[in-house]
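Structure record follows, encoded as structure tokens.
Values in this text are rule-based calculations from the coordinates and carry no lab data. Please read all numbers here as calculations on a predicted model, not as lab measurements. Don't worry about glycine lacking a Cβ; one is built from the backbone with ideal geometry, like all the others, and counts go over all protein chains shown.
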Amino acid sequence: MRYQLNSTNDGEEFTTDAGEQYVVYFSEASAYFPGFAAAPHAFMLGFMRRGPASQRIEVPAHDARIRETILYVAEQFFEDERRVLAYVCQQGSQERARQRLFAAWFRQYNHGRFIRQVVGEEQGLSAAFIYSIANPYAQELQQLPNMEDKLLQW
């Protein structure tokens, strides 16, 4: 069960049972697709905690409702089949854990509806795209290199 969302100018906001406020938002990512027809439909998903950094709130280590809420927002995003979700992870132990988490979520919730393609690894960053198998630009997107095996090594 996901948290209740409130649409704002910043994105979709929600408050956890522990009282933490978060916002899930999308930002334009066409720069990752120079020369591609899919560029105007490319966005990055962002997720951040709201409130003062000094505020200490006990948060359950694995609040499944946060995951469900983020996935719900992503599902809504993909109602437009032309859309492409881009995400970038830096190298490092925390980012490797984040990359593995995103990959696990993708495997668990994909149900054959989406394609995940790791397309670059440069200067300590890796970039991946997720798009619907029904995306009208899928053939063009599949021409990008898939570096999934290389990414899993770091």
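Things to note:
- For ILE66, the shell of other residues with beta-carbons less than 12 Å away shows a net charge of 0, using +1 for Lys and Arg and -1 for Asp and Glu.
- At an R0 of 22 angstrom, the distance between the Cβ atoms of ALA39 and ARG67 translates into a FRET efficiency of 0.15.
- Point-to-point label distance, GLN4-ALA18, nm (Cα→Cβ direction, 7 Å offset): 2.1 nm
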